[in-house]
Structure formats: C-alpha cells, structure tokens
Amino acid sequence: MNDTFPYLPLGPLSAEPDGNRRFRVWAPLPKSLDLVLLTDDDQTLHRMQPEGNGYLISEPVAAPAGTRYGFYLNGKRDKLYPDPASRYQPSGVHGESEVIDLPPVADEDWSGKPLHEAVIYELHVGTFTEAGTFAAAEERLDYLRDLGVTMLEIMPLNQTSGERNWGYDGVLPSALFQAYGRPEDFHRFIRAAHERGIAVIVDVIYNHLGPEGNYLPSFFPVFTEKHHTPWGAAINFDDAHADGVRNYWLENVRLWLETYGADGLRIDAVHAIKDYSANHFLEEVSALADRIGKAQGRTIVTIAECDLNAPRYLQSRKRGGYGMSGQWVDEFHHAMHALLTGEVRGYYEDFGEVEQLARALKDGYVYTGQYSPHRKRNFGRKPGPGITPAQMVVFLQNHDQVGNRMEGDRLLGGIGVDKYLLGAGTYLLSPFTPLIFMGEEYGEENPFPYFVHHGEEALIKAVREGRAREFAAFQTEGHHVPDPQAEETFRSAKLSWKQDDRILEFYRRALHLRSAAPAFADISVDQSGPLITWSIRGGKYTACGNYGDEALTIEVDADELLLASNGATLENNLLQLPAWGFAAIA
C-alpha cells in the first residue's frame with residue numbers, strides 16, 4: 001500500500017545539541033541545490049542532499065541566529081536565491097535570507113479569545129502610527145484596550161517589494177516585512193497585546209503571490225494552469241505536486257500560530273483558493289489550527305474573507321464543511337452602505353432597501369437564494385443549523401471598502417456625523433462580531449488609498465495604468481487616482497489621530513453596552529418602513545434605527561436611553577427618533 005506524502009518542517013531547522021543545524025527545502029524542480037552561508041567577505045557552499053519526495057536537506061552546519069544565507073540552483077552562481085521558507089529578508093525580496101530563532105511561546109495565563117467575545121480592530125502597521133513599526137504600535141495598545149477592543153487583525157506582514165505596501169503583494173509568505181521591524185519585535189508585540197487581554201490575528205494570503213520577487217516557481221510548481229484567479233494562474237492545491245505545495249502553506253500557518261503565538265488567521269479571498277481535492281485546503285488549515293490550539297490550551301480562530309454566501313465555509317468539518325471559525329460578511333456592509341450613501345453603482349445595485357438591512361441583521365447574508373440583479377443569477381444560501389451569529393464578522397468600513405475606492409476616501413466625509421453614528425450603532429450592537437477599521441472610531445479623515453513600492457519600471461507603469469483604467473469613469477476635476485507608487489500616497493494614509501470626541505465617545509459607550517450583553521443568539525428583528533428594531537433574548541437593551549429622512553415617534557416599553565445619536569430622546573415611553581437617528585433603550 002502506498003504511503004502518504006510526508007509533511008515536513010522547512011527552512012532552517014532547530015539547532016541540534018552541538019549548536020549546528022540543518023536546512024530543508026522542498027524543491028522538486030532544480031537538478032541541484034547548494035546552501036550558501038554568507039559572512040562579511042566570504043561564502044561557504046554545502047550541497048543539499050535528496051531526502052525523498054522532492055525534499056532536500058543539508059548536513060549539520062554552523063549557522064547561529066543572524067546568519068545570512070541563500071541558495072544556488074543547478075550549479076550556477078549568477079543568482080543567489082532567497083529561501084522559499086525565509087523568516088526574514090533584511091535586504092528585501094531580492095536579497096539573502098537570515099536565520100531567525102525566537103524564544104518559545106510562553107503565555108501561561110493566556111487562553112485566547114473566541115469570536116463571541118471579540119471586538120476586532122483592523123490595522124495596517126505601516127500607517128497606524130507615524131513611525132510605522134511594531135514598537136510604535138505597541139504604544140497604542142492601552143488606548144485600544146480602553147476603547148473596548150479585544151482582538152487585533154493585522155493586515156499582511158509577509159515580505160513584499162520595497163518599503164511600503166498594503167501587504168497583498170507578498171512573495172515570501174513567512175518572511176516578516178522588514179519595514180515594520182524584526183521578527184523579535186512582532187513576537188514582543190503579541191506578548192504585549194496578550195498582557196492587555198487583546199488577541200492578535202494575522203491576515204494571510206493563500207490565493208496568489210505578488211508580481212515582483214517571486215522566486216518560488218524556480219523551486220516548486222506553486223501555480224497550476226488548471227485554474228485561474230483575477231491574479232492569473234491559481235495556487236496549486238490540487239494538481240501534480242500539490243501535496244508539497246499544501247505543506248509549504250501549512251508551514252506558514254504553523255509559523256504564525258506556533259512560533260509567533262498569534263491567536264488566529266484572517267484568510268484573504270478564500271473563494272479564489274481553487275481546490276477540488278477530496279480534502280479542501282481550508283479543511284487542513286482549520287484542522288491544524290484546532291490541533292495547535294488544543295496542544296497549547298488556547299482558542300485559535302480562522303476567519304475567511306468570502307463573498308459566496310456559502311455556509312460550507314463555516315460549517316464544522318464533521319458536518320462536511322471547512323471548519324472556519326468565522327467569515328467577513330460583505331453583504332451586511334453593502335446593505336448598510338447603500339442605505340447611508342445612496343450609492344447604486346457596481347455591486348451596490350443589489351442593495352438600497354431597508355428590508356435588506358433588516359434581513360442582514362437577522363441572517364448575516366442578504367441574498368440566500370434570491371435573484372441578484374448585479375450577478376444576473378440566483379445567489380447565496382441560508383446559513384443553516386450550527387452557524388452562530390458570532391461567526392459573522394461585520395463592519396462599517398474595512399481596508400477594502402475604503403482603499404478600493406478611487407481616492408481611498410473614508411465614509412465620514414461623504415455622509416456626515418449623524419448617518420455615520422447610525423451606521424456605527426447598527427453594526428457595533430448587531431448580533432454579529434464587529435470589526436473596526438483603524439481610525440474610524442474617532443472619525444479619522446485621512447484616506448487609505450492603494451499604495452505600493454515596486455522596483456521594476458515596467459511593473460510600476462502597469463500598476464499606474466491599471467488603476468487609471470479601473471477608475472476612468474470616476475475621475476473629474478479635482479478628483480483623480482492617487483499615484484500608487486508615490487511615497488506621498490503612502491504618507492497620506494497615515495492616521496492623523498485627530499479625534500472627534502463625539503464619535504469616539506459613541507464608540508466607547510456602544511462597546512461598553514456590547515460587552516455587557518449575553519451571548520448573541522436568539523435575535524429578534526422587526527422592520528416597519530424606515531424603522532428597524534432588534535433585541536437579544538435576555539439582553540439589557542433594544543436597538544432602534546431610523547433609516548429614513550423623516551423623524552419618528554415610537555411608543556416603547558422602556559424608560560432608559562442608554563445610547564443615542566442625532567438628538568434622540570425618550571420620555572414617558574415615547575422614543576423620539578430623528579431622521580437617520582439611532583437609540584439603544586432599556
């Protein structure tokens with residue numbers, strides 16, 4: 001009977017008792033591979049030996065932490081290749097790799113955070129602070145704790161070209177982006193967050209690789225032409241040599257969760273992970289995360305970004321699903337955004353009715369099998385049994401919904417404070433897990449435009465022209481596509497930290513109310529015209545939103561106004577709810 005393909009650790013292995021270590025690479029494509037250890041003025045070559053199944057391993061060599069190294073392929077010395085499993089690239093994507101040894105994760109009192117206890121805060125390290133480093137972000141942790149945040153979602157940390165990037169152009173998924181600091185800094189950042197009761201999850205990309213500095217195809221068939229995505233050929237999860245490719249990405253899962261001690265992963269655009277295997281790659285990811293969590297005695301979460309309204313991503317593996325802990329729910333955002341802004345272009349043509357937001361508050365999804373005018377077909381499916389409200393991650397803004405606009409403009413400037421607070425109250429006190437995009441909690445006005453820092457002129461030109469074509473119909477006098485390559489575009493995205501006290505206080509009070517609520521199950525949602533009300537069985541409040549242009553007077557069984565926007569009042573059991581007003585009552 002045939003054995004299964006072995007999943008083995010990659011990169012510099014742990015040091016042996018004598019201090020030496022081996023290096024392992026999965027490289028079925030090159031004819032030979034030489035490990036190159038670098039010193040200030042010399043290099044030492046060690047021929048990698050076949051280990052079976054495409055793996056190659058070195059003899060034990062003296063390579064302490066800090067050693068620079070790389071590989072020569074096929075006996076040629078014209079190009080030093082970085083390690084596909086590199087943990088750090090001090091000179092960027094085209095340079096040598098560095099051996100990294102991190103101390104064991106030792107948070108004995110830390111048990112993680114389940115999603116039903118989570119208030120997620122999405123941040124981009126490079127623009128969250130002026131310095132743009134882990135050390136600078138660590139100085140803001142007390143602020144986030146006091147706001148009511150219990151989980152950080154860090155935008156991608158993998159190595160991309162240049163010194164600035166959103167992070168989705170990564171080519172070495174396990175190498176920490178050197179502009180933010182060293183691996184030791186991120187390791188320390190996670191410990192500091194845990195000390196404040198804040199979990200940390202990492203945004204990872206398993207559906208594509210960036211356009212510059214991708215040397216993986218020289219080592220193994222990372223892509224397959226069987227499937228295609230918006231970025232080109234798909235990652236090879238089900239074609240020839242797929243087992244080694246899967247192991248390569250699963251080693252990345254281990255790195256963030258075991259080595260760094262992160263509390264979970266946000267997995268980018270899982271609908272672009274093309275895999276027709278009997279055991280889907282995401283099932284392997286969730287199973288591995290569960291095993292690590294069980295071994296370490298803590299909760300680990302996996303959140304899928306998915307626009308398919310397909311419950312199989314959230315269903316447990318026992319029920320035939322992929323076992324993801326949660327899902328970004330774009331439709332909740334779209335239903336709310338279309339109401340608040342009146343936008344009807346693109347996918348917003350499917351939204352704009354109050355009853356659609358009521359449906360989103362009840363089910364998370366809006367389309368659960370109905371005809372979608374935008375897609376021109378029936379779309380979606382009801383969440384079904386076993387899926388809880390906490391598994392739905394909802395938001396008023398996120399990096400995509402801001403940054404994928406032409407100028408990266410934030411919502412507040414387009415709708416004003418009253419509608420903004422109505423939207424905030426709606427999702428913060430919804431039955432679902434809320435995600436705050438950095439700065440929205442105090443009314444940040446600086447944009448978050450798309451930015452890159454490529455080194456190849458042809459690629460820079462292509463990115464500029466592509467963005468211009470994408471938004472050709474939106475460019476008017478005084479409004480244009482920011483140059484994604486320009487440093488000033490990146491600098492414009494840095495938070496100003498100029499706080500609107502009214503907005504910040506509203507967020508703090510809403511999150512305080514949320515923290516006192518029972519488990520978010522058994523939700524009751526009612527809608528009449530522009531009015532939506534919702535409550536939780538056993539909860540201490542009823543939320544009320546007026547999504548129309550006329551004030552409403554509502555008779556309620558309540559005598560306490562817990563939270564209000566736009567001048568809402570409660571007196572003698574009559575709630576006066578102004579146009580686009582919000583109230584939480586008890």
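The values are calculated or read from the model by the stated rules, or taken from the named source; none is laboratory data. Note that the structure is predicted; figures quoted are calculated from it, not measured. Cβ: placed from backbone, ideal geometry, glycine included. Neighbour counts: every protein chain shown. The protein model used for the area step is the full one, side chains on, heavy atoms only, and it has no ligands, DNA or RNA in it. Shrake-Rupley method; radii C 1.70, N 1.55, O 1.52, S 1.80 Å.
Considering the range 495-586, the qualifying strands (runs of 3 or more DSSP E), each wholly inside and each with 2 or more residues that are in contact (Cβ under 8 Å) with a residue 24 or more places away in the chain and within 33 Å of the chain's Cα centre (by Cα), run over 523-528, 531-536, 542-546, 561-564, 582-585.
Going residue by residue through the range 19-32, is there one that turns out to be in contact with a Lys or Arg (Cβ under 6 Å, 6 or more places away or on another chain) and either closer than 28 Å to PHE223 by Cβ or in contact (Cβ under 8 Å) with a residue 12 or more places away in the chain (or both)? Write out each step before concluding.
Our first condition is that a residue be in contact with a Lys or Arg (Cβ under 6 Å, 6 or more places away or on another chain); within the range 19-32, this holds for none.
Looking for residues that are in contact with a Lys or Arg (Cβ under 6 Å, 6 or more places away or on another chain) and either closer than 28 Å to PHE223 by Cβ or in contact (Cβ under 8 Å) with a residue 12 or more places away in the chain (or both), one finds none in the range 19-32, hence no.
Please specify each residue of the range 252-292 satisfying the condition of being buried (at least 18 other Cβ atoms within 10 Å of the Cβ), of a type in the set (Ser, Thr, Tyr) and assigned to a loop (DSSP other than H, G, I, E, B). Of everything in the range 252-292, just one residue is buried (at least 18 other Cβ atoms within 10 Å of the Cβ), of a type in the set (Ser, Thr, Tyr) and assigned to a loop (DSSP other than H, G, I, E, B), namely TYR260.
Considering only the range 38-68, state which residues are in a strand (DSSP E or B), farther than 26 Å from ASP243 by Cβ and under 35 Å from the mean Cα position of the chain (by Cα).
Filtering the range 38-68 for residues in a strand (DSSP E or B) gives 38, 43-47, 49-52, 55-57, 61, 68.
Now restrict to residues that are farther than 26 Å from ASP243 by Cβ: 38, 43-46, 61, 68.
Matches in the range 38-68: ARG68 only.
Name the helices (runs of 4 or more DSSP H) wholly inside the range 384-476 in which the number of residues that are modelled with pLDDT under 95 and either open to solvent by less than 30 Å² (accessible area, probe 1.4 Å) or touching a strand residue (DSSP E or B) at 6+ places or on another chain (Cβ under 6 Å) (or both) is 1 or more. Before you say what the answer is, go through the steps one by one.
Working: elements: 399-403, 412-428, 457-470.
Result: 399-403, 457-470.
Determine the pairs where a residue that is assigned to a helix (DSSP H, G or I), located within the range 142-156, has a partner that is of a type in the set (D, E, K, R) with Cβ atoms under 7 Å apart, the partner being 6 or more residues away or on another chain. Every condition considered, the pairs that remain are ASP142/ARG196; ARG145/ARG196; LEU147/GLU441; LEU147/ARG508. Looking across the range 167-208, the residues that are open to solvent by less than 10 Å² (accessible area, probe 1.4 Å), over 18 Å from ILE100 (Cα atoms), touching a residue at least 60 places away in the same chain (Cβ under 8 Å) and of a type outside the set (A, V, I, L, M) come down to ASP203, TYR206, ASN207. Please verify whether ILE190 is closer than 24 Å to GLN397 by Cβ and touching a strand residue (DSSP E or B) at 6+ places or on another chain (Cβ under 8 Å), treating the condition exactly as stated. In short, no. Can you tell me which of (1) modelled with pLDDT of 95 or more; (2) over 20 Å from the mean Cα position of the chain (by Cα) is the one THR229 doesn't meet? Here THR229 clears every test but (2).
When ARG345, ARG359, ARG317 are checked against the criterion of being charged (D, E, K, R) and touching a Gly at 6+ places or on another chain (Cβ under 9 Å), a single residue qualifies: ARG317.
Each row is one residue, and each column tells you yes or no for (1) touching a His at 6+ places or on another chain (Cβ under 7 Å); (2) part of a loop (DSSP other than H, G, I, E, B); (3) not hydroxyl-bearing (Ser, Thr, Tyr).
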| residue | (1), (2), (3) |
| --- | --- |
| PHE332 | no, no, yes |
| MET336 | no, no, yes |
| VAL344 | no, yes, yes |
| TYR348 | yes, no, no |
| GLY352 | no, yes, yes |
| GLU355 | no, no, yes |
| ALA358 | no, no, yes |
| LEU361 | no, no, yes |
